[in-house]
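Here is the structure we will look at.
The values are calculated or read from the model by the stated rules, or taken from the named source; none is laboratory data. If you're wondering where the values come from, they're calculated on a predicted model, not measured in any experiment. Quick reminder, even Gly has a Cβ in these numbers, built from the backbone with ideal geometry, and neighbours come from all protein chains shown. Just the protein is used for accessible areas: all its heavy atoms, side chains included, with ligands, DNA and RNA removed. Shrake-Rupley method; radii C 1.70, N 1.55, O 1.52, S 1.80 Å.
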Amino acid sequence: MPRSYSEKVEHGFQQGIAFGYLYPRRRAVFAGVLSMTVGLFLAVAGLIQFGEIEGISQLGVLVTDPSVGAFAIVSVSITVGINVSTFLLFGLLAPDDLQSDVGVLRNPITHITSAAASALIFIIAFVAITFLNGLSQWLGIALAALVIAYRYNSSYFWSVLGGTRTQITWTSWTGILLPIVAAAIVYVTGSLPSWTIGEWAVGSYYVLIAVLSFIGPVDTIHGLISEQINTVATAIMCVQVLEDRREELAENSPDDCEIEFQVDVPSSMPDSLREAQWTVNATKYVEQRFQAYETYVKAYRELAETLNDSVSERAGTGDRTTLGSVVAGFARNMHPKYYDDAEEAQRAAAVLASVVESYNTGYASDVDDLGPEGEIESLIDVLAPTDTSLDKIDALFETAPGA
């Protein structure tokens, strides 16, 4: 329920945080470690098995003498590692409510298809980089840099590691700065390999594939349950926004204006998909109730400023001859706490706002200006007026002299 730009930005951060409510964050880290271990083991084993290298010490040849076949072995191995850990830790061990909503989580075909598609994309990008290297090595490294930047920016893994907006920001910057610091240290110590620009393009892309083996599981599962994550993120925002509005409402309410409305949503963040769905659904009703109270409190405060007196005390006098006391009586009777239906409370608050505006602008100066005394008496005695009574009250001030 974001209502402003800043809330929409915050909602983006909450999408990362929401993942932690569906899956433990330690599972995300363990999935990364597992996928990297399995992927790299399969990659090295496959390279040796198919004769691309004879031992680990010869891994450098993959950069200096790039081979599409060798890269295909590496990319397939990495995607297998990613999808195995994704299936085991985020599919088979998914929460029950999430499994019932997203059946593909436990479907092996989903993960096999994802692995095949990812490997194909990796290989196509690798072919493009090596092709551009043949035209101009700067083109090759430019493409590699763009792919790396895009993949880092589109990853959700860094968001998942943070529990708050500040933690997510620091985690993201750490992910950016660590490689830069490490590269600077290696450069200063003279340990950088003497590669050409084209070889750096190929080498950096291999490094990207290795990094993907770590962050891939979270990104894969995030795509499968994006709708559910958005539901949880929305629920988190609802709780925060409603709490802020409740505090603002209490601060703006005159001392004699009771706020008995209790927000019928959890005061703490949801910790399951079902609770998040319930929160979002409940908020639709609560939003109407909030709007009714906000309209009512604004009208109540404006009336109190015009009366220079307590609205509740003026209403309690029972004076039916003074216009201010009559309007105060309407304000007392139209309090949202008397309405079980949120829409009726909204309508009553809107009518009160109209009545107070008419009174404050001097459209009517005396009770006699409103209509027959008996009609006023009958309306002022109606607690929680609805439908016909509200129409009559609204009409009294619309037809008053000067209206």
Sorted on mean Cβ neighbours within 10 Å (highest first), peptides 179-189, 204-214 come out as 204-214, 179-189
Bounding extents of the chain in its principal axis frame from Cα atoms, largest first in Å, are 104, 43, 32
Probe 1.4 Å, heavy atoms of protein chains only: per residue, the accessible area of the chain in Å² is 49
Applied in sequence order to region 124-130, the curve 6.51 cos²θ - 1.76 cosθ + 1.60 (Karplus, θ = phi - 60°) yields integer Hz couplings, x standing for Gly and Pro, of 4, 5, 5, 4, 5, 5, 5
Quick calc of log₁₀ I(q)/I(0), region 291-369, Debye, one scatterer on every Cα, no solvent, q values 0.25 1/Å, result -1.18
Highest GNM mean-square fluctuation among 177, 40, 62, for the chain with Cα springs under 10 Å, belongs to 177
Which of 194, 159, 312 fluctuates most in a GNM of the chain (C-alpha springs under 10 Å)? That residue is 194
The helix 226-252 Cα axis meets the longest alpha-carbon principal axis of the chain at an angle in degrees, between 0 and 90 and rounded to 10, of 40
To the nearest 10 degrees, the tilt of helix 323-333 (Cα long axis) against the first principal axis of the alpha carbons of the chain is 50
If one compares the long axis through the Cα atoms of helix 388-398 with the longest principal axis of the Cα atoms of the chain, the angle in degrees, nearest 10, works out at 80
Bounding extents of region 238-398 in its principal axis frame from Cα atoms, largest first in Å, are 59, 31, 24
